[in-house]
1. Straight-line reach from Lys245: which aspartates and glutamates fall under 12 Å, measuring Cα to Cα and dropping same-chain residues less than 8 apart?
2. Report, for the chain, the % of DSSP beta bridges that are antiparallel, rounded to 5.
3. For region 174-267, rounded, prolate or oblate, judged on the Cα gyration tensor with a ≥ b ≥ c (square roots of eigenvalues), a/c < 1.5 rounded, else prolate if a/b > b/c?
4. Treating cross-link reach as a plain straight distance, find the aspartates and glutamates whose alpha-carbon is under 18 Å from the alpha-carbon of Lys101, omitting any fewer than eight places away in the same chain.
5. Let me check I've understood the local charge: for Pro36, count other residues with C-beta under 9 angstrom from its C-beta, Lys and Arg +1, Asp and Glu -1. What total comes out?
6. Among 193-199, 36-42, 127-133, what's the highest-first ranking by average C-beta atoms within 10 angstrom per residue?
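Every read-out reported here was derived from the displayed coordinates using simple, explicitly stated rules and does not represent laboratory data. Owing to the predicted nature of the structure, the values given are computational and were not obtained by experimental measurement. Cβ coordinates were reconstructed from backbone atoms using ideal geometry, including for glycine residues, and neighbour counts include every protein chain displayed.
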Amino acid sequence: MTNSGALMRAIKAFPVPRGSVAMWWFGQNGYIMKSPEGTLVSTDLYLSDSCEGLAASLGLDLRRQVPILIPPEDLEVDLYTCTHNHQDHTDPATIEGLRHKDTMMFLGPHPSCDVFRASGVEEGRIQPAWPQCLVEFRDVAVHGTFALPTDDTDLNHMGFVFQFGSRGPRVYVTGDTDYTELLVSAARHKPDLVVTCINGGFNNLSHWEAADIVGKIGPKAAIPCHYDMFADNRVDPRQFAASLKLRAPGVGYQELGYGEPFVFSVD
Ligand SMILES: [Fe+2]
């Protein structure tokens with residue numbers, strides 16, 4: 001295990017109070033979330049620099065700007081989820097590098113499942129997901145939500161509402177999505193926390209659109225993401241904080257630091 005394995009060990013040892021979830025951010029849309037019973041759920045972990053290779057053909061600077069805080073070989077989660085099959089969300093290099101993939105379950109829409117398979121995950125560990133699906137895993141329930149594709153390279157985008165414990169916090173992760181009022185349908189799961197893309201680039205929600213959707217859903221707090229990983233896809237998250245004040249007054253703004261625990265409680 002490398003020195004970076006220290007963060008994975010710290011996450012595994014971190015105590016999560018009842019009625020709470022602990023979260024760690026790894027840049028872009030990548031998170032690890034931990035339930036009170038110790039279930040570890042990741043979403044959209046991008047733990048390589050594989051997107052750099054896309055830059056040559058597109059003329060974009062897609063070199064990663066956030067350090068890899070946990071190398072794939074050190075990652076140990078129970079449920080590995082992906083919202084859609086873009087490389088900064090379902091990353092073959094990350095998945096191929098997982099040393100513990102024979103103990104994890106993998107969840108995502110079918111194109112992500114194809115990547116799981118091609119990256120060496122055994123069939124019995126792959127669980128397809130779709131908007132409106134419900135997958136229960138130990139003390140975590142995962143509700144699939146709608147997301148509008150941002151381009152025609154992947155037409156199977158989705159989001160997730162993760163619920164930690166039967167009466168614990170519900171966290172809505174939008175995934176990459178274009179603006180549509182259908183995003184408000186996630187409100188049926190009564191999320192306490194919304195984690196939303198804000199970058200506007202590549203046809204994602206802008207900070208203003210994200211704040212509009214958050215205001216219509218009405219969580220306690222909102223966390224911006226997907227504004228930091230690539231030089232050509234950056235936005236100042238303070239713009240989202242300002243947009244929230246105007247479009248979602250009463251919703252708290254929460255910015256996460258990389259690899260720092262954030263504990264959110266419903267009590
Ligand atoms: Fe993305």
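1. Asp212
2. 60 percent
3. Oblate is the answer for region 174-267, as a/c is 1.5 or above yet b/c matches or exceeds a/b.
4. Reachable aspartates and glutamates: Asp44, Glu73, Asp74, Glu76, Asp78, Asp91, Asp114, Glu122, Glu123.
5. Details: positive: Arg18, Lys34; negative: Glu37, Asp139.
Every neighbour counted, the sum reads 0.
6. Numbers: 193-199: 27.6, 36-42: 19.3, 127-133: 16.4.
Highest mean packing first, the order is 193-199, 36-42, 127-133.
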